[in-house]
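First up is the structure itself, then whatever we jot down about it.
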Amino acid sequence: MKKVVVMIGILVLAAVGFLGYQGHERSKQTELFEEASVYFKEEDYKKAIQLFEEAEEHGNIFSGSLNEEMLHYQAEAYMNLGEYEKAIEIYDHFIKEKPTESMNYMLKGYCYSQGKEYEKAAETYKEAYEKTGDGEFLLKLCNMYIATEDYEKALTLIEENRKTKDEETGKELLFSEVVIYEKQQDYASAYEKAKEYVEAYPDDEAGKKEMEFLESRQ
């Protein structure tokens with residue numbers, strides 16, 4: 001019985017010691033996080049990253065969502081420094097953890113486009129649409145094709161998604177179709193597409209103005 005009591009006492013002391021250590025680590029981590037946040041707001045991103053990394057070293061059982069928050073800060077800091085590959089690594093981590101969350105794909109695609117890796121940006125937006133079903137990524141993908149003058153891919157994308165369930169996405173894609181033909185100086189086709197657009201969306205002022213402009217080019 002005496003041995004059991006002693007053992008319980010040892011376990012209690014061990015638990016108290018463990019919790020005390022974890023509490024100390026939590027305080028240190030919170031202190032570093034708050035300091036890093038100040039540097040982040042002051043746009044001293046290198047110092048902020050250094051402090052966020054130090055804070056990570058003090059991970060503890062109370063960290064909870066703080067570790068995730070620090071990673072988001074670090075990714076944004078890397079992005080602001082133009083260190084896109086490092087930011088993308090972090091966004092890939094979050095995408096793996098939460099494959100149906102749109103924002104991480106959006107930021108990853110932004111990093112690729114800022115780094116002029118347009119093909120990878122397009123791949124990211126395509127994957128994002130397949131995983132999330134968010135129509136915004138169809139528009140991003142279409143705009144990426146237009147920006148890189150890959151009009152054939154853009155038109156194929158629009159045709160494949162002409163009957164998209166997202167009405168707003170479908171509307172914007174159809175307007176993009178007008179823009180593509182106009183950029184190619186195929187004003188006859190652009191005018192026909194503009195008429196089709198106005199028939200579908202008669203209250204859209206931008207569409208009516210575009211049709212009037214294209215009519216003058218006939």
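The values are calculated or read from the model by the stated rules, or taken from the named source; none is laboratory data. Fair warning: this is a prediction, and the values are worked out from it, not measured in the lab. Because the Cβ atoms are built from the backbone with ideal geometry, glycine has one as well, and the counts that use them run over all protein chains shown. All accessible areas refer to the heavy atoms of the entire protein, side chains included, with ligands and DNA or RNA removed. Shrake-Rupley method; radii C 1.70, N 1.55, O 1.52, S 1.80 Å.
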**Study point:** Nitroxide proxy distance, nm - points 7 Å out along Cα→Cβ at E97 and Q218
**Key:** 5.7 nm
Exercise for review: With a point put 7 Å past each Cα toward its Cβ, work out how far E149 is from D203 in nm, to one decimal.
Suggested key: 3.9 nm
Point to revise | Distance (nanometres) between label positions extended 7 Å along Cα→Cβ at Q184 and K163 | key: 2.4 nm
Check your understanding: Shape of the range 73-218 from its Cα gyration tensor (a ≥ b ≥ c, root eigenvalues): rounded if a/c is under 1.5, otherwise prolate when a/b > b/c, or oblate?
Key -> prolate
Revision key, fill the gap. Under the rule rounded for a/c under 1.5, else prolate if a/b exceeds b/c, else oblate, using alpha carbon gyration tensor axes a ≥ b ≥ c, the range 76-138 is classed as oblate
**Study point:** Stretchable slack from E192 to Y118, in nm (0.36 nm times residue separation minus alpha-carbon distance)
**Key:** 23.6 nm
Check your understanding: What does the accessible area per residue of the range 161-218 come to in Å², with a 1.4 Å probe and no ligands, DNA or RNA counted?
Key -> 63 Å²
Practice item. State the percentage of accessible surface on the range 103-159 attributable to carbon and sulfur atoms; use a 1.4 Å probe and exclude ligands, DNA and RNA. Key: 45 percent
